[in-house]
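Read the structure below first, then the notes.
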Ligand SMILES: NC(=O)c1ccc[n+]([C@@H]2O[C@H](COP(=O)([O-])OP(=O)(O)OC[C@H]3O[C@@H](n4cnc5c(N)ncnc54)[C@H](OP(=O)(O)O)[C@@H]3O)[C@@H](O)[C@H]2O)c1
């Protein structure tokens, strides 16, 4: 029986690479704001014999979580995995963090995964399922200028630890993927980091697939994937 995974942030980078990595074994519900990109990916997956649906949503809006999960279950008939990948990064020193700086990062990086999980859990519990949260090495490393972003990712890791314990009895595994620097659109064009030395989005996708497809007797709780040579 094919299972269904919902992937947020599937229109680019790690989310799109994860969709392509899973498409052979999973039905997919792809979520992001850029509908045209999602439609392209759905068509590519269908052309290769897979099944995917696009749901465009702005996950900064709290009411979208429930709608997205209902749409996913409506398309696919059930839900076995939620991959909370959508996120954004902006840098600011701690004395420059203002309301505008946190106004998008906290709702998208931290609130949306929690609300999506709450909406998805009744469906994930039907056959036993998984929640995978894409965090960052910034959750427990120290990078100047990343305080607010690190707080969102550390918060999501803390949520994941509690959720893992709460959801064991409902046969839902909760895992965390913490990437290091990975070449994607999250990096501004003017970055001084060397993109050639970063991980590929496909590397992170492979780790997500490993976690998701682990035998039911194993919970892979946290994987850290970093560029072996550094990216500076
Ligand atoms: N790249 C790295 O070095 C790195 C390192 C550590 C962790 N991460 C994490 O990895 C995850 C994926 O990032 P990426 O590197 O693949 O970057 P990316 O290519 O910029 O992907 C971000 C995704 O999030 C979606 N998104 C942004 N705002 C959204 C919103 N308001 N509502 C719904 N979807 C939204 C984007 O789609 P739309 O614009 O179409 O909505 C896009 O699909 C993020 O959580 C990021 O924090 C990345």
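Hey, can you tell me all the residues within region 19-44 that are in contact with a strand residue (DSSP E or B) (Cβ under 7 Å, 6 or more places away or on another chain), touching a residue at least 24 places away in the same chain (Cβ under 8 Å), near the ligand (Cβ under 9 Å from one of its atoms) and in a helix (DSSP H, G or I)?
38
Going through 189, 163, 158, 144 one at a time, which residue ends up being modelled with pLDDT under 95, more than 14 Å from the ligand (Cβ to nearest atom) and surrounded by fewer than 23 Cβ atoms within 10 Å (Cβ to Cβ)?
On the way: 189 fails: more than 14 Å from the ligand (Cβ to nearest atom); 163 fails: modelled with pLDDT under 95; 158 fails: modelled with pLDDT under 95.
On inspection, the qualifying residue turns out to be 144.
Go over the candidates 209, 197 one by one and state the one that is more than 10 Å from the ligand (Cβ to nearest atom), over 20 Å from residue 111 (Cβ atoms), in contact with a helix residue (DSSP H, G or I) (Cβ under 7 Å, 6 or more places away or on another chain) and in contact (Cβ under 8 Å) with a residue 24 or more places away in the chain.
Working: 197 fails: in contact with a helix residue (DSSP H, G or I) (Cβ under 7 Å, 6 or more places away or on another chain).
Result of the check over 209, 197: 209.
Quick one: how many residues across region 1-18 are touching a strand residue (DSSP E or B) at 6+ places or on another chain (Cβ under 9 Å) and not in a loop (DSSP other than H, G, I, E, B)?
Filtering region 1-18 down to residues touching a strand residue (DSSP E or B) at 6+ places or on another chain (Cβ under 9 Å) leaves 2-16, 18.
Then keep just the ones that are not in a loop (DSSP other than H, G, I, E, B); that gives 3-8, 13-16, 18.
Selection size over region 1-18: 11.
Looking at the structure I just gave you, is residue 202 under 21 Å from residue 11 (Cα atoms), within 10 Å of the ligand (Cβ to nearest atom) and in contact (Cβ under 8 Å) with a residue 40 or more places away in the chain? Can you show your working first?
Numbers: under 21 Å from residue 11 (Cα atoms): yes; within 10 Å of the ligand (Cβ to nearest atom): no; in contact (Cβ under 8 Å) with a residue 40 or more places away in the chain: yes.
Taking the combined requirement at face value, the residue does not satisfy it.
Considering region 125-156 alone, what residues qualify as being under 16 Å from the mean Cα position of the chain (by Cα), in a helix (DSSP H, G or I) and in contact (Cβ under 8 Å) with a residue 40 or more places away in the chain? I'd like the intermediate steps shown before the answer.
Looking only at region 125-156, we keep the residues that are under 16 Å from the mean Cα position of the chain (by Cα), and these are 129-139, 149-150, 152-156.
Restricting the remaining residues to those that are in a helix (DSSP H, G or I) gives 137-139, 149-150, 152-156.
Passing the criteria: 137, 149, 152, 153, 155, 156.
Being out of contact with any helix residue (DSSP H, G or I) (no Cβ under 6 Å at 6 or more places or on another chain), within 22 Å of residue 152 (Cβ to Cβ) and either touching a residue at least 60 places away in the same chain (Cβ under 8 Å) or crowded, with 24+ Cβ neighbours inside 10 Å (or both) narrows it down to one of 15, 9, 77, 87, so name that one. Break it down stepwise before answering.
On the way: 9 fails: out of contact with any helix residue (DSSP H, G or I) (no Cβ under 6 Å at 6 or more places or on another chain); 77 fails: within 22 Å of residue 152 (Cβ to Cβ); 87 fails: out of contact with any helix residue (DSSP H, G or I) (no Cβ under 6 Å at 6 or more places or on another chain).
Only one candidate passes the filter, namely 15.
The values are calculated or read from the model by the stated rules, or taken from the named source; none is laboratory data. All of these numbers come straight from a predicted model, not from anything done at the bench. Cβ: placed from backbone, ideal geometry, glycine included. Neighbour counts: every protein chain shown.
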